[in-house]
Amino acid sequence: MPTQAEPLMAFRATVPMSAARAQQIAEDFDLRALPPDFYANPYPVYQALREREPVRQMPDGSYFLTRYTDVVAVYRDAQTFSSDKKIEFGAKYGHDAPLFEHHTTSLVFNDPPLHSRVRKLIIGALTRRAIDGMEPGLAKLVDSLLDDIHAKGGGDLIEDFASAIPVEVIGNLLGVPPADRGPLRAWSLAILGALEPKLTVEQERLGNQAVADFTAYLKGLVAQRRKQPGDPQHDVLTRLIQGESLAGSTTPAVEPLSESELLQNCIFILNAGHETTTNLIGNALVALQEWPEEKSSLLLKLEQANKHPQGFEACLTLAVDEFLRFEPSNQLSNRRAVKACRVAGVDLPEGALLTLCIGAANRDPAQFEYPDVLDLTRGDERAGAPPNRHLAFGFGIHQCAGLSLARLEGRIAIGRFLQRFPDYQLSASPVRGGRARFRGFLSAPFAAS
Ligand code: HEM
């Protein structure tokens, strides 16, 4: 079993928490009033909840689920547990707010039939072939970022590396011209920031402004693409615009999207693949500093596997999934019970709101052996290990539509970074984003030797 070695304490990212403190936070657990030490390390609190109150009712009456089997059961039953959030977002943002229109029109916060229509169009563009075709461009992009870092002798893992990758990938996917990509990251952060359970007036204002600016920009892009359609086999925006069966394709006809459905789902795709993938790469490269034995053994394997490209990919595939299990970049999903039901022996009324905690389910010892250990060979079925069925991409009808793309980005970014800078070291303490839903770092300065 891998062990967590003593890193340089000054630069430690994970702050230990005593069982007594975890228990105290769990007893008062309220997503809207979390103390700073929770954000630094939520996993001991999740453990306390899982053991003592796996279906925890919070002060606002909603329920917080922490056990793997319960989270999967809710994801699986989309008839009972709706993703439609018009009621909650109406109360949170007001019905006229741009944030309300955006979130309530996105596929992830809808049930069939809107959900199925949009999903079919997106999935049709993210085929294995289309994703494999992105690999050479992605490798080139990553190498150019690594060249810049090399020239500076280091930089910031987030600013100079992790956050620079997804914006280009999703920009390419939707055919956003490179010169227009500057504001995408800030828009995305502002819109997703407004999903936090507790919202400041400023966060809400920034979120609404970002939806308005983003929508205005996309209107122009869509008008252009209507005049000059792209290749619908690869261009997601053209597929979403056409919304119909494509010549020679086996995809069944799909009713075209309305203008608002089109614009808001484009924004959603740009956002969905952005911060999540940045955090996958950033969390992984920081975690390797805290688990130096795992880093050394991964480097050794990569060196050996280098001679066999398939072996190289296999090592990284396992590693990426373990990074996602260990520190999932999206920690929470939400559902609403459309009828009275029972979860883990607890009776829930019709209309009950549920938060499914991916971060807690991914550390459930009933599903994962040594769940608090980062084991980059976890899930190696060739070695007889059970599959790593983590929930970082959710599960069921809403399971992440971009998971293959995210895995590809993770493999290329983490693999090439490690090959280029095997001895990288954090040069200051990494700064966490301080959010419950999206877990990642704002900055992580490092020296590249
Ligand atoms: C490490 C990166 C990523 C993580 C951790 C992640 C996580 C998730 C999760 C947990 C969900 C399900 C939400 C729910 O059911 O409540 C989801 C949905 C989704 N994700 Fe991702 N995602 C990632 C990257 C991406 C990328 C790169 C794309 C785009 C190309 C993408 C597009 C989507 C879409 C379209 C949905 C909605 C699916 C639906 O409602 O049917 N994601 N993602």
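Inspect region 328-335 for any residue being over 20 Å from ALA48 (Cα atoms), surrounded by fewer than 20 Cβ atoms within 10 Å (Cβ to Cβ) and in contact (Cβ under 8 Å) with a residue 24 or more places away in the chain and give the result as yes or no.
yes
For the subset of region 399-408 comprising residues that are of a type outside the set (Lys, Arg) and within 13 Å of the chain's Cα centre (by Cα), which member is farthest from the ligand (Cβ to nearest atom)? Walk me through how you get there before you give the answer.
From region 399-408, those of a type outside the set (Lys, Arg) are 399-406, 408; that's our starting set.
Okay, now just the ones that are also within 13 Å of the chain's Cα centre (by Cα), so 399-406.
Working: GLN399: 6, CYS400: 3, ALA401: 4, GLY402: 2, LEU403: 7, SER404: 9, LEU405: 4, ALA406: 4 Å.
Across region 399-408, the extreme among qualifying residues is SER404.
Quick grid of which residues meet (1) in a loop (DSSP other than H, G, I, E, B); (2) in contact with a Lys or Arg (Cβ under 8 Å, 6 or more places away or on another chain); (3) surrounded by fewer than 17 Cβ atoms within 10 Å (Cβ to Cβ):
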{"site": "PHE161", "(1), (2), (3)": "no, no, no"}
{"site": "VAL176", "(1), (2), (3)": "yes, no, no"}
{"site": "ALA179", "(1), (2), (3)": "no, no, yes"}
{"site": "SER188", "(1), (2), (3)": "no, no, no"}
{"site": "GLU196", "(1), (2), (3)": "yes, yes, no"}
{"site": "GLU202", "(1), (2), (3)": "no, no, yes"}
{"site": "LEU206", "(1), (2), (3)": "no, no, no"}
{"site": "GLN209", "(1), (2), (3)": "no, no, yes"}
{"site": "ARG226", "(1), (2), (3)": "no, no, yes"}
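Which one of these is free of Cβ contacts under 8 Å to residues at least 60 places away in the same chain and either closer than 21 Å to ALA337 by Cα or within 12 Å of the ligand (Cβ to nearest atom) (or both): GLY90, GLY94, GLY137? Break it down stepwise before answering.
Values: GLY94 fails: either closer than 21 Å to ALA337 by Cα or within 12 Å of the ligand (Cβ to nearest atom) (or both); GLY137 fails: either closer than 21 Å to ALA337 by Cα or within 12 Å of the ligand (Cβ to nearest atom) (or both).
After applying the criteria, what remains is GLY90.
For region 151-169, indicate whether the set of residues that are of a type in the set (Val, Ile, Thr) and over 18 Å from the mean Cα position of the chain (by Cα) is non-empty.
no
Based on this model, can you work out whether GLU168 counts as more than 16 Å from the ligand (Cβ to nearest atom) and without any contact (Cβ under 8 Å) to a residue 40 or more places away in the chain?
In short, no.
Which residue, of ARG67, ARG119, ARG50, is of a type in the set (D, E, K, R), surrounded by 15 or more Cβ atoms within 10 Å (Cβ to Cβ) and within 11 Å of the ligand (Cβ to nearest atom)?
On the way: ARG67 fails: within 11 Å of the ligand (Cβ to nearest atom); ARG50 fails: within 11 Å of the ligand (Cβ to nearest atom).
ARG119 is the lone residue from the list that is of a type in the set (D, E, K, R), surrounded by 15 or more Cβ atoms within 10 Å (Cβ to Cβ) and within 11 Å of the ligand (Cβ to nearest atom).
Whether any residue in region 314-328 is within 22 Å of ARG439 (Cβ to Cβ), within 16 Å of the ligand (Cβ to nearest atom), in a loop (DSSP other than H, G, I, E, B) and touching a helix residue (DSSP H, G or I) at 6+ places or on another chain (Cβ under 9 Å) is what I want to check.
yes
Only residues that are under 18 Å from ASN265 (Cα atoms) and under 21 Å from the mean Cα position of the chain (by Cα): list them for region 68-88, please.
SER83, ASP84, LYS85
Show me the helices (runs of 4 or more DSSP H) found entirely inside region 62-110 where at least 3 residues are of a type in the set (Ser, Thr, Tyr).
68-76
A quick yes/no check of all residues on (1) part of a loop (DSSP other than H, G, I, E, B); (2) within 11 Å of the ligand (Cβ to nearest atom); (3) without any contact (Cβ under 8 Å) to a residue 12 or more places away in the chain; (4) surrounded by fewer than 24 Cβ atoms within 10 Å (Cβ to Cβ):
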{"position": "ASN265", "(1), (2), (3), (4)": "no, yes, no, no"}
{"position": "LEU280", "(1), (2), (3), (4)": "no, yes, no, no"}
{"position": "ASN283", "(1), (2), (3), (4)": "no, yes, no, no"}
{"position": "ALA287", "(1), (2), (3), (4)": "no, no, no, yes"}
{"position": "LEU299", "(1), (2), (3), (4)": "no, no, no, yes"}
{"position": "GLU303", "(1), (2), (3), (4)": "no, no, yes, yes"}
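Out of (1) closer than 19 Å to TYR75 by Cβ; (2) assigned to a helix (DSSP H, G or I), what's the single condition that is false for PRO387?
(2)
Is region 360-383 home to any residue that is outside any loop (DSSP other than H, G, I, E, B), within 16 Å of the ligand (Cβ to nearest atom) and in contact (Cβ under 8 Å) with a residue 40 or more places away in the chain?
For region 360-383, residues outside any loop (DSSP other than H, G, I, E, B), within 16 Å of the ligand (Cβ to nearest atom) and in contact (Cβ under 8 Å) with a residue 40 or more places away in the chain: present.
Here, each number is a calculation from the coordinates, and none is a lab measurement. The structure displayed is predicted, hence computed values, not measured ones. FYI the Cβ positions are ideal-geometry reconstructions off the backbone, even for glycines, and counts take in every protein chain you see.
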